[in-house]
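Worksheet: one structure, shown below.
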Amino acid sequence: MRALVQEHQEKDSLVLKEIPEPKVMPGWLKVKVMAAGVCGTDVHGISSLVPPVVLGHEFSGEVVEIGEGVEEFFPGARVTSETTVYHCGHCLYCVEGHFNLCPDRRGLGSRADGGFAEYVLVPHTTALIFPEHLSYEEGALFEPFACAVHGVVEQASVKGGEKVLVLGPGPLGILVGWLAGALGAKVLLAGKSEDRGRLHIASRGPLYDVVNVDEEDLNLRIGDDFGPYGADLVFECTGALPAIGSGLELLRKRGMFIQMGIIHKPVTMDFDRFLFSSELVLTGSRTQKHSSWLRALEILDKTHLPLKELITHALPLEKWREGFDLTLRREAIKVILHPWK
Ligand SMILES: [Zn+2]
Ligand SMILES: [Zn+2]
C-alpha cells in the first residue's frame, strides 16, 4: 500500500512509498483511511518521533477487518481513533487517567504507524464510531477537537459568562474559541494581518468577535469588551513569545493562562508581578486523554459547530507535499489528504 513514511529524524526524509499492508492483530481493527488531516506538528517536526514511521495522527476511515476478541465493531463502521495506542497502565499518570503524560506513551503517527496511508491499524480500545451527521473529513477533526476539549474543559473548566481571550487562529485556536463560545463564554480570538482569512472563517463559529492585532489595539478591545479587569482566561495557541507576553498582561488577577502552542524555547517572565502579586494560574494542555475523546464525541454530537469551514483544502495523498507547504505557509486552515482519491 502507499504510505507517507518518515524514514529518519530529519524532516526531509519524508517519502511516499509502497510498504506492506498491515495485518490485523487480536484486539485491533484494520481501518481503510478515508481522510487524514495535516497537523502543524507533522510539518514542523514531532519531538517524540521514532522513525521509520507512517505519519498522520488525525484521521477517520472505515473498518475493514476485525481482530480476534473484538465484539463492539463491525465491518463498515465509520471510525476515528485516539492517538495513544500504548500507555504503560501502571505509572502514576496512567493510574490517574492522564495517559497523555505517561512517559512510555506511544502515539499513532509518531511512535506507531499513522493515517497517511491506505490502511492503519488501531486498537479497538481507542477506536470510536463517530456520528452519522459528520463526514469522514469532519471525522478527521476529532483529534484536534479532543485537544481543544482537554484544554477548555479538562484543564480550564470554562464556564458560561467567562471572558476568554484566544491567541492564534490556527485550527487549534479556532476550535478552542468555538468550544469555549459553545459553552457560553464570551470569546475574543486574536490574530495578525496574515491570519485575515483564518479570522474571517473563525467568525462563522460561536465567538463574540475576532481581532486583528495589526489593525486594532488589543488592550483597548479587551477594555471595551471585557471591562477594566481583563480576561478571565487566556489560551495561548501561537507558541510565539510576544503573544505570551501580551496574554499575561491582559489577564485579570487570579486569571488562568493556558499554554497550548509549542514554543520550542525557554520563556522568561516576571514572577513577582504575575504569580506573587496577581496570583495568576499558569498551566498547559498537552494533546488529549481518553476522557477528552469521550467528551469530544458527546459535544460534537450535540453541538453543531461549523467544522466543515475549517477544511480549506482536500488533496489526494500523492499531493502531500503541496498540503504540507500550504500548512507551513499558513495559507490553509486544515488540509485533508485522501489516500483513495
Ligand atoms: Zn496534531
Ligand atoms: Zn504510564
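The values are calculated or read from the model by the stated rules, or taken from the named source; none is laboratory data. What you see is a predicted model; the values in this text were computed from it and never measured. Here Cβ is always computed from backbone atoms with ideal geometry, including for glycine, and neighbour counts include all displayed protein chains.
Here Val24 fulfils each of the conditions (1) in contact with a Pro (Cβ under 8 Å, 6 or more places away or on another chain); (2) touching a residue at least 40 places away in the same chain (Cβ under 8 Å); (3) more than 27 Å from Lys334 (Cβ to Cβ) apart from (1).
Please find, among Gly109, Gly69, Gly97, the residue that is touching a helix residue (DSSP H, G or I) at 6+ places or on another chain (Cβ under 7 Å) and not aromatic (Phe, Trp, Tyr). I'd like the intermediate steps shown before the answer.
Working: Gly109 fails: touching a helix residue (DSSP H, G or I) at 6+ places or on another chain (Cβ under 7 Å); Gly69 fails: touching a helix residue (DSSP H, G or I) at 6+ places or on another chain (Cβ under 7 Å).
None of the others qualify; the one that does is Gly97.
Filtering Val63, Val85 for residues that are touching a Lys or Arg at 6+ places or on another chain (Cβ under 8 Å), over 22 Å from Glu10 (Cα atoms), crowded, with 21+ Cβ neighbours inside 10 Å and modelled with pLDDT under 95 leaves a single hit, Val85.
Provide a single number: the residues in the range 129-149 that are more than 16 Å from ligand 1 (Cβ to nearest atom) and crowded, with 21+ Cβ neighbours inside 10 Å. Before you say what the answer is, go through the steps one by one.
Step one: of the range 129-149, the residues more than 16 Å from ligand 1 (Cβ to nearest atom) are 129-136.
Add one more test, that the residue is crowded, with 21+ Cβ neighbours inside 10 Å, and what stays is 130.
Residues meeting the conditions: 1.
When Pro103, Pro51 are checked against the criterion of being in contact with a strand residue (DSSP E or B) (Cβ under 9 Å, 6 or more places away or on another chain) and either more than 16 Å from ligand 1 (Cβ to nearest atom) or acidic (Asp, Glu) (or both), Pro51 stands alone in meeting it. Being among the acidic types (Asp, Glu) and within 29 Å of Tyr93 (Cβ to Cβ) is a description that applies to Glu298. Taken together, the residues in the range 72-109 that are of a type outside the set (D, E, K, R) and either within 16 Å of ligand 2 (Cβ to nearest atom) or not assigned by TED's automatic domain parsing to the domain that holds Lys319 (or both) amount to 21.
Looking across the range 1-52, the residues that are under 18 Å from Arg106 (Cα atoms), assigned to a strand (DSSP E or B) and under 22 Å from the mean Cα position of the chain (by Cα) come down to Val5, Gln6. Scanning the range 106-128 turns up at least one residue that is within 16 Å of ligand 1 (Cβ to nearest atom), without any contact (Cβ under 8 Å) to a residue 60 or more places away in the chain and surrounded by 23 or more Cβ atoms within 10 Å (Cβ to Cβ).
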